[in-house]
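Written below as structure tokens is the structure these notes are about.
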Amino acid sequence: MQQRTLKQEVIFEGIGVHSGQLARVVLKPAAQDFGIVFTNPAFPDAVFKIGSVVPEVAMQATVLKNSIWALSTTEHLLAAIVATGLDNVLIEVSGFEIPIMDGSAAPFVQGILDCGFQLQNAAKKYITPKEKLCFEDKAGRFIEIYPAQDKSTGLHISYTADFANKLVGNSQFECLLTPEFFAQNIAPARTFGFLEQLPQMRKLGIAKGTSLGNTVVLSNEGFLNETRFEDECVRHKVLDLIGDLSLLGLSLAGKVIAAKTGHSFNREVVVHYISNPDKWQVI
């Protein structure tokens, strides 16, 4: 399989779900083996090269930060880029947060598909651990990653969510990730939140851009807006996981079994890769 980039530029604009501020994102074609790079016109010498940066410890979003600037809420866009099969793209961001759009990855996927792909001469590369890896904590969160045998293995995901809210409760989702499956069954799942937590989140300076147009909201009595899937919340957790694992810099191959994870826990996989590259291999 060959590497892929975009045929032409594609633009996304909107507000950030946490900052409430407008941002503009331009995805641009890039040369083979370029990878995925975020840049900001205001700070041209301070780029984020995916695969070489560990995200900040953050509960509500994936945040990239260096000594010059920070970029929040990258997970949905990165999931769309990796899951549609893009290998090389320059992402120019005017702002400090990726727009939330409708709360899902679907607008990003549609924009990429409408733009189209350009095949490149170099072969597509995947990353996989050399041996089984396990990340866990005392709260019962865990991620297990099993190596791929070869490039044809793809990525299998099995995820278990466990929420105190009775409307969500314990739910599971399992799939073999393909571009088509992602576009239809994972990308449309929107970010979600609990109504009783909103005042405290806004006191902390986050969730300023939330609305019923970009967030599935739950109360103790029910959903405040219509869901796209009966299990939309667990599907969105899978979407977030895919976006966070994309920070490895190459498409992950193998099998991932995870439970009850969030952004702050998912980052442990990237920490391991950056700290122990000898325990991973490119195939």
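Provide the gained length on full extension for the span Leu167 to Ala123, in nm with one decimal, where the gain is 0.36 nm per separating residue minus the Cα-Cα distance.
Length difference between fully extended and current span is 11.3 nm.
Once the mean 1/r over all distinct Cα pairs of the stretch 237-283 is inverted, what Kirkwood radius in angstroms do you read off?
11.3 Å
Would you kindly give the portion of the calculated P(r) for the stretch 21-150 that falls above 18 Å, as a percent of all Cα pairs?
Tail of the P(r) past 18 Å holds 61 percent of the pairs.
Mind putting a number on the dipole of the chain about its Cα centre? Charges go on the C-beta only, +1 for Lys and Arg and -1 for Asp and Glu, and I need it in Debye to the nearest 20.
Around 340 debye, computed over the chain.
In what sequence, largest accessible area first, do Lys132, Lys49, Lys166 appear using a 1.4 Å probe?
Heavy-atom accessible area, descending, gives Lys166, Lys132, Lys49.
Leaving out ligands and nucleic acids, and using a 1.4 Å probe, what accessible area per residue does the chain come to in Å²?
45 Å²
To the nearest Å, what is the center-to-center distance of the stretch 208-237 and the stretch 86-124, using C-alpha atoms only?
24 Å
For the stretch 25-128, which whole-number percentage of the solvent-accessible area (1.4 Å probe, protein heavy atoms only) is attributable to carbon and sulfur atoms?
57 percent
Quote to one decimal, in nm, the extra length available between Asn66 and Asp278 on full extension: 0.36 nm per residue of separation minus the C-alpha distance between them.
Stretched fully, the Asn66-Asp278 segment lengthens by 73.8 nm.
Please give the per residue volume of the convex hull enclosing the alpha carbon atoms of the stretch 114-234, rounded to a whole number of Å³.
185 Å³
Computing the accessible area with a 1.4 Å probe over protein heavy atoms, can you report the carbon and sulfur percentage for the stretch 207-283?
After summing per-atom areas, the C and S share lands at 48 percent.
With bins 5 Å wide starting at 0, give me the P(r) of the stretch 25-65 over every alpha carbon pair, in whole percents.
The percentages, shortest bin first, are 5, 18, 24, 26, 18, 6, 2.
In whole angstrom, how far apart do the alpha carbon centroids of the stretch 144-196 and the stretch 240-260 sit?
Cα centres, the stretch 144-196 to the stretch 240-260: 10 Å.
The values are calculated or read from the model by the stated rules, or taken from the named source; none is laboratory data. The structure displayed is predicted, hence computed values, not measured ones. Ideal geometry is used to build each Cβ from the backbone, glycine not excepted, and the neighbour counts take in all protein chains shown. Just the protein is used for accessible areas: all its heavy atoms, side chains included, with ligands, DNA and RNA removed. Shrake-Rupley method; radii C 1.70, N 1.55, O 1.52, S 1.80 Å.
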